1. Please compute the modelled spin-label separation between residue 34 and residue 20, points set 7 Å along Cα→Cβ, answer in nm with one decimal.
2. Using a probe of 1.4 angstrom, how much of the accessible area of the stretch 9-67 is carbon and sulfur, in percent?
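The values are calculated or read from the model by the stated rules, or taken from the named source; none is laboratory data. The model shown is predicted, which means the values in this text are computed figures rather than measured ones. Here Cβ is always computed from backbone atoms with ideal geometry, including for glycine, and neighbour counts include all displayed protein chains. Remember, those area values only see protein heavy atoms, side chains included, never the ligands or the DNA or RNA. Shrake-Rupley method; radii C 1.70, N 1.55, O 1.52, S 1.80 Å.
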Amino acid sequence: MDENGMELSGVDAAGIPIPDKAIKVQFSILSGSANENVEYAEEHLTNTDRHGLFTLIIGTGTVSIGKNLKNINWHQGNKYLKVELDINNGKGYKLVSVQQMLSVPYAFYSGESLEA
């Protein structure tokens, strides 16, 4: 997000694309609300493409908080995904977004059926 709270995708705070650049990305899973408890966090080092885009898989980064995704109690409370970027070689993360994670109820039950 820029200083005015506007979401930025593939651009820096001045609106200039970030092509072909090494960046750090931090994903955090928050529990309860968008401002509460970090249950899990991981960092990724990656590069943007010529359009300033990147693709990552949550669960494959370097864990900084928590043990792994399996230890999160997905049944308890709301969960939020917080995404932060560091495009300045370790000078600090900037918030990109915080979004509530929604689930498909049947997915919870299908996982439990394996335990029965």
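1. Rounded to a tenth, the inter-label distance reads 3.6 nm.
2. Details: 1760 of 3440 Å².
So the carbon and sulfur contribution to the accessible surface is 51 percent.
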